[in-house]
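The structure appears below as structure tokens.
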């Protein structure tokens, strides 16, 4: 016999699984709202079959889940009953009678079979059950026969068991609060060692660490570190935690910690014979973590130019190192300036003196000079459909000392030196 | 001074943001003396540009940017008439060679072939020089250009849009100019008239590339500089190369070609030796007159002589002969043809068989058609059966005058309403749901002044104008209105040319195979003095023709439309009783409600009936006075005794355009030509100055005749208000003839007429379902689609001496025509023995097709011994679709009798409606009659017995929802049941309240009060509810 629990609305699907797990070590998670499990053996605890749904309902009530519960001879019958009959349903024999008025739409119909049933006037389980088997198979194939078996209550299929995820988590409660990073790393190192060993045993690696530090003042300090590649070496992981905690220290001494590794399949790379060597991913990640700690998270990544006429508009994408890629060959472009341009970041605020709408003198931090030649304005505008349209004029200027700069006047009239031509 | 000689208009189709008129106006504001528009591979905007520029006193130069096979665009300007002709021929050549609409490319051989008379600019960033400079081949490019167009016809074009790359290119171009000794010319590569229109340009660019504005990036303009700039601005921009500015004026003075010198000639009709076109026409006219007027009265003779004299004087004999020739071809081929419109005012047209109305006996005004004073070509429209026969007539004209001698006029598809809303919505990144909501807003917006109504409408639809994107949407929507989207094909307008039409205007292939269109629309052609013949497809002409053939085949009678009995009692009874479903022009709900009041008794009444349900008489408040006078409820009085002769036949109420012309002629001594001029002055465009001039003239004329004071004002008012909407009497008469013929055939040959109607769908006001229901009420029987009997189209079968209509296979939805033909071919060889036999022999049959045939009962007759029903057929056909494999071959019971139950009545009805769109069984409402009776619902046929004010409930399938602009927000609903059609009117406030139910429900129950006036029953709705019915929806004619 099988029991199916169907919760039509469910805030937390995991609660349903937890309930199922209390009645059966393994169960089928048909969808996020439906679980099915075998109840054979429960008669020891519940001699009368009616007691089982009562017990399930009690447990569900404790979790504030309202659901239909059905018990039937086959998983399919239990699922259909739970989905289409409110409350508790127990079908001890073949389902034929109980289901005969149900719409065939309750079955998992393909569009083709659904259309055929519609045309044939096959609307209920009884209509379907009454059709000759050979006739159905000859016309709609074995899939339709399977549907008819369900309609007749004869379907027998095994449960498709849900396997619980392995949890790679360790919790350490400290006798004394730790104030310094070094002893903390010592504790973390031990935990990481155990967890990484467990990871390897399960043939897994990790793509992230969730670290929860319980502090003396009662607060909780959490860090979630994610990696672009799966790692399994505790030493690397410890280094990465070290760098992260260096940049983000907890505000109070630590009394307990929980370390959880997010598991994933390990990384397997077949290196090409002619592929140039690139840094080991774990070493690279450690280096990047170091840089991140220095420059800040928002300032590390791969710049990607945006498709716009607005100059120097780019986005920092998460850093991605792809092997075997060569730098693109620069395309020949006759019209482009022949000089290299170096952006000042940030641009220098400047005062520019104009004569007949052309720049004559410029003054900025460290620059104060007469302009001996200027070409421009080079005008660009856009974003007119947004609330912040932009409009700017650029001038390429040569100062008395021979230096070449790019001046920019924004729509608000302010001037900047954007950079220099090398 | 500066002339802008490289501008693109919106006629570059999504590559320019301003109309030619807008560019001309802006040029005039900026005091630019000359402007050249070079659209992409076309001169579609050239005529409008020429006319606008002429009015504004600026010189309009014509050119085009021609796509080269390398991908760049070569800007060419027409220096001389030969240059223009070469440009047209070049565009025609590359367009026709490409064969596909919108694609073309010229080779350098093409450029060389048509280079004479053309001046080439080196272009902007899309031009040949920029292309070559990118590849470091500037010198080769200039050499090629000079070799092709000649050294003195190349100008090095320089644009300055404040762009680094462009300036770098300019410097190289200047060097090249120096090296080759070529003149440098400044231009602004204009894409929009004003700076602000850059936003429209960007939006159009997104539409062209099918991208959202947020993703368009560098496809958009870098800045807003490509607009028309004044001489001062351009001089400042080019202060370092003043010769570039001067060159614009030099080139302007070189470009001598204007549209005043187009060189168009209407083709001469080939006449026998010793004849002139005039003498030949005269002979044909008198031949025709003698057979049509029996005998030719003195009045007719005078009229014909007068018309012939005018035609001779205007040199139009060739035109009449060409139209006559088309009519002769149609008659020879057995294609029904009838002239419509103002041509019916001409006795010459009547004599030549072009029109069917005798203008002499009907006292129609020839000058409405043609007058010496107007200096315009006449316009003859021919109605032909829509479909293949009309195509034959069109192809005849192509063959007769050559592929390059005749073409269809274009139809410029412009941004309006929903198309603009959808395109802009997509550009601005609205999702499908928002797009649908925006598109729905469109018909409700007061587009003439959107600011007044838009915020409220937007808020009601859940959009806020505080949202910058919505605000931008509205701005763009208003800005984009009337901009050309693409070039289509006019429904029937053909132009013909003496010699080669491709020297006058470029030709290009239409989407439709075998069709060629010119790049000008009919107004452009008219403005350029190019004469046009409209070959229009009219569904009813096809019905009449098919009916006549069916009558000859099944009734053994030879019906001639020209000799139908006049004043047939049955016809007028049907018209008076508004029993007009399926009849031409008099079948709409509005027509039906006026027919019992007007009670037509003779042909002229039908002419009035056709004309009276029009915006003119309704808006001009002429309809009700006429109907009241007709019913004797109001005395017949005339505006002035002198006008009695004109208004007598319409009971003193002016109904036709001809009447207002004659009123002006009598009351104010206008000549016929002046009267026509008056009609135009008060026509659609209504320019103030012209209107007041004409009114002044009218008053002066009336004062002379001592028609003054209130009477004068009344006459002025009726003439001026009516000129806008009035319907020409000749046109009404032509339509009335067809209406009479359709009524006659329906009354006397119902089976033939109904079959023809079913075979020419879609057409008319009602769906085939309503036509069938109506015919059934008139006693006609129908037979279902049957694979063993049905033809492709519906046919007539005789059973027990009675004619019945068999539905054709074309009514089976989803059955492809090729499959249907394959079935018919196989059936012609041997009849089908079973469904399996059918499937085996017709390999084209797809699963969905065989299922659909079974579903609609078309396969029921394949096993008569087993008394197959539709589900049996479905059961069998499913097996035929999956032949048993080796596993099942031995099983005996797979071919067993079907275990499926027959369809219920409702299932059968739904299968019919879903599978064919019609049912020949009971009306869906008949299945609910008992329930309806218990609810106190009165069937449609019972309504006439009720008196005004009686409370009533009506119910039925909604077949029409209309909210005409002239009805001040009233909604008219037609509900059909098994007894007929009941009409309801819903007041605007009630419509707002029940909008969702009315629009969303297929079956309605309406509670209201009866309005029974003159046997016309309408229910004024007080409450509307949806009827829960299992039946499928029936097709409804909504909001047209």
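The values are calculated or read from the model by the stated rules, or taken from the named source; none is laboratory data. Everything quoted here is computed from the prediction, not taken from an experiment. Every residue, glycine among them, receives a Cβ derived from its backbone with ideal geometry; neighbour counts consider all protein chains shown.
The residues of the stretch A:12-28 that are within 23 Å of the chain's Cα centre (by Cα) and without any contact (Cβ under 8 Å) to a residue 40 or more places away in the chain, listed by number, are A:12, A:13, A:14. Note on the stretch B:705-715: residues that are part of a helix (DSSP H, G or I) and within 13 Å of residue B:665 (Cα to Cα) total 1. May I ask you to list the residues in the stretch B:155-174 that are outside any helix (DSSP H, G or I) and either in contact with a strand residue (DSSP E or B) (Cβ under 6 Å, 6 or more places away or on another chain) or more than 12 Å from every other protein chain (Cβ to nearest Cβ) (or both)? B:155, B:156, B:157, B:158, B:159, B:162, listed by residue number. Among the residues here, residue B:143 does not qualify as crowded, with 20+ Cβ neighbours inside 10 Å, free of Cβ contacts under 8 Å to residues at least 60 places away in the same chain and either in contact with a helix residue (DSSP H, G or I) (Cβ under 8 Å, 6 or more places away or on another chain) or at negative phi (or both).
Of the residues making up the stretch B:198-230, those that are assigned to a loop (DSSP other than H, G, I, E, B), at negative phi and more than 9 Å from chain A (Cβ to nearest Cβ) number 6. Quick check: is even one residue across the stretch A:370-378 away from chain B (no Cβ under 14 Å), over 28 Å from residue B:238 (Cβ atoms) and in contact (Cβ under 8 Å) with a residue 24 or more places away in the chain? No, every residue in the stretch A:370-378 fails to be away from chain B (no Cβ under 14 Å), over 28 Å from residue B:238 (Cβ atoms) and in contact (Cβ under 8 Å) with a residue 24 or more places away in the chain. I'd like the residue in the stretch A:130-150 that is over 40 Å from the mean Cα position of the chain (by Cα) and crowded, with 20+ Cβ neighbours inside 10 Å and, out of all such residues, is nearest to residue B:902 (Cα to Cα). If we take residues in the stretch A:130-150 being over 40 Å from the mean Cα position of the chain (by Cα) and crowded, with 20+ Cβ neighbours inside 10 Å, then A:131 is nearest to residue B:902 (Cα to Cα).
Considering only residues that are at pLDDT 90 or above and assigned to a strand (DSSP E or B), look in the stretch B:383-406 and name the one that is farthest from the other protein chains (Cβ to nearest Cβ). This residue is B:383. With respect to the stated conditions, residue B:96 fails to be more than 14 Å from every other protein chain (Cβ to nearest Cβ), within 26 Å of residue A:380 (Cβ to Cβ) and touching a residue at least 60 places away in the same chain (Cβ under 8 Å).
Examine the stretch A:391-413 for a residue that is in contact with a helix residue (DSSP H, G or I) (Cβ under 9 Å, 6 or more places away or on another chain) and either facing another protein chain (nearest Cβ under 10 Å) or modelled with pLDDT of 90 or more (or both), and state whether such a residue exists. Yes, there is a match, as at least one residue in the stretch A:391-413 is in contact with a helix residue (DSSP H, G or I) (Cβ under 9 Å, 6 or more places away or on another chain) and either facing another protein chain (nearest Cβ under 10 Å) or modelled with pLDDT of 90 or more (or both). Examine the stretch B:189-197 for a residue that is within 14 Å of chain A (Cβ to nearest Cβ), buried (at least 20 other Cβ atoms within 10 Å of the Cβ) and closer than 30 Å to residue A:381 by Cβ, and state whether such a residue exists. Looking for residues that are within 14 Å of chain A (Cβ to nearest Cβ), buried (at least 20 other Cβ atoms within 10 Å of the Cβ) and closer than 30 Å to residue A:381 by Cβ, one finds at least one in the stretch B:189-197, hence yes. Among residues of the stretch B:463-489 that are within 14 Å of another protein chain (Cβ to nearest Cβ), those with a Cβ under 6 angstrom from a residue that is assigned to a helix (DSSP H, G or I) and surrounded by fewer than 19 Cβ atoms within 10 Å (Cβ to Cβ), sequence gap 6+ or separate chain, pair up as B:465/B:455; B:465/B:471.
Evaluated against (1) under 30 Å from residue B:414 (Cβ atoms); (2) within 14 Å of chain A (Cβ to nearest Cβ); (3) more than 39 Å from the chain's Cα centre (by Cα), residue B:240 falls short on exactly one condition, (1). Among the residues of the stretch A:151-169, those that are crowded, with 18+ Cβ neighbours inside 10 Å and either more than 20 Å from the chain's Cα centre (by Cα) or modelled with pLDDT under 85 (or both) comprise A:151, A:152, A:153, A:155.
What helices (runs of 4 or more DSSP H) completely inside the stretch B:804-884 contain at least 3 residues that are within 14 Å of another protein chain (Cβ to nearest Cβ)?
On the way: elements: B:817-829, B:835-841, B:847-855, B:870-881.
Answer list for the stretch B:804-884: B:835-841, B:847-855, B:870-881.
Once the stretch A:332-346 is narrowed to residues that are away from chain B (no Cβ under 11 Å) and assigned to a loop (DSSP other than H, G, I, E, B), the residue that is modelled with the lowest pLDDT is A:339. Just one of the listed residues (A:371, A:367) is more than 46 Å from the chain's Cα centre (by Cα) and surrounded by 18 or more Cβ atoms within 10 Å (Cβ to Cβ), and it is A:371. Scanning the stretch A:99-126 for residues that are in a helix (DSSP H, G or I) and at the interface with another protein chain (Cβ under 8 Å from one of its Cβ atoms) yields A:115, A:116, A:119, A:120.
Scanning the stretch A:224-255 for residues that are assigned to a strand (DSSP E or B) and more than 16 Å from residue A:187 (Cα to Cα) yields A:224, A:225, A:226, A:227, A:228, A:229, A:230, A:231. The one condition from (1) farther than 23 Å from residue B:980 by Cβ; (2) surrounded by 16 or more Cβ atoms within 10 Å (Cβ to Cβ); (3) at pLDDT below 95 that residue B:788 does not meet is (2). Residue selection: residue B:177 satisfies the criterion of being assigned to a helix (DSSP H, G or I) and more than 11 Å from chain A (Cβ to nearest Cβ). Scanning the stretch B:564-584 finds one or more residues that are outside any strand (DSSP E or B), in contact with a strand residue (DSSP E or B) (Cβ under 8 Å, 6 or more places away or on another chain) and at positive phi. Highlighted here are the helices (runs of 4 or more DSSP H) found entirely within the stretch B:597-644 that include at least 3 residues which are in contact (Cβ under 8 Å) with a residue 60 or more places away in the chain and within 26 Å of residue B:963 (Cβ to Cβ): B:603-612, B:615-619.
Within the span defined as the stretch B:532-547, every residue fails to be out of contact with any strand residue (DSSP E or B) (no Cβ under 7 Å at 6 or more places or on another chain), under 24 Å from residue B:361 (Cβ atoms) and not in a helix (DSSP H, G or I).
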